[in-house]
Amino acid sequence: MEQRHRGPAEAPNLGEPSEPRPAASVVLLRRGGRHSERALEVLLLKRTESAKFMPGVWVFPGGAVDAADGEAEASFRACALRELEEEAGIALPPEEELVLFSRWITPEVISRRFDARFFLALAPPHTPPQPDGVETTEARWFEPTGALAANAVGELVLAFPTIKQLELLSRFDNAQAALSAHRNQRIDPILPKVVGTPEDHRVVLPGDPEYPT
């Protein structure tokens with residue numbers, strides 16, 4: 001069973017919250033199986049065990065926005081495409097549709113924080129992912145329910161936002177249905193908060209009764 005080891009960038013922050021760094025990820029979808037049995041599958045990459053942030057965790061391809069990615073909202077799209085190619089070896093055409101799926105902000109109690117946009121996209125045919133061997137060491141396609149089940153029994157480790165997004169994707173029979181459901185949808189930022197004591201704590205989301213206001 002895999003254990004979750006936290007990197008130094010995930011150390012608790014006991015002072016003023018740090019400013020979240022803009023970031024973007026691609027939730028890359030494809031159809032798996034054969035013929036009528038095809039189901040939605042999503043690409044996950046395993047981060048290297050030496051990473052300072054989320055070592056050994058399975059994530060969607062993504063990273064922080066660089067100055068070269070441009071400005072404003074266009075920078076998130078450019079970042080998402082660049083990170084997908086760098087981390088998984090998959091290049092999407094510049095005109096490829098990216099559908100905003102969710103936006104997550106790292107909790108204030110974590111030292112290194114990100115304000116990350118997650119975009120849905122369709123995988124090109126016949127393009128197996130290739131981890132870069134530096135930031136990512138493994139790449140696999142999963143049905144959302146399969147990845148969630150593997151996480152539940154400790155066969156792989158998923159971050160909280162990844163779990164929640166996989167739960168959303170598990171409701172769809174195929175990639176087109178997931179894309180159609182999120183086109184032109186309003187996406188509000190999600191800032192999880194940690195409540196309780198260091199010995200007994202839990203993560204709550206906006207809308208939960210325990211969410212601090």
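Below is a table of values for the structure above.
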read-out	value
Exposure proxy ranking, count of Cβ atoms within 10 Å, fewest first, for ARG113, ARG103	ARG103, ARG113
Amide H partners (placed H, <5 Å) of GLU138, local residues excluded	LYS46
Spin-label model distance (nm) - VAL134 vs SER180, 7 Å beyond Cα toward Cβ	4.1
Sorted by Cβ density within 10 Å, fewest first, the residues VAL27, VAL195, VAL204, VAL153	VAL153, VAL195, VAL204, VAL27
Mean separation of Cα contacts under 8 Å, 6 or more apart, over the residue count of the stretch 66-213: relative contact order %	22
11 Å cut-off, amide nitrogen to a point 7 angstrom out along PHE160 Cα→Cβ, residues in the stretch 91-106	105-106
Cα coordinate range in the chain, projected on the principal axes (Å, largest first)	51, 41, 36
Amide H within-cut-off set for VAL65, under 5 Å, with H built and near neighbours excluded	ALA23, ALA24
Residues of type lysines that LYS193 reaches as a straight line, Cα spacing below 22 Å, ignoring anything fewer than 8 places off in the same chain	LYS52, LYS164
Rounded to 5, the percent of DSSP beta bridges in the stretch 8-204 classed as antiparallel	70
Inverse mean reciprocal Cα-Cα distance (Kirkwood Rh) of the stretch 114-213, Å	16.4
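All of the numbers you see were taken from the coordinates with simple rules; none came from a lab. Everything numeric here is computed off the predicted structure, so don't read it as measured data. All Cβ positions, glycine included, derive from the backbone under ideal geometry; neighbour counts span all protein chains shown.
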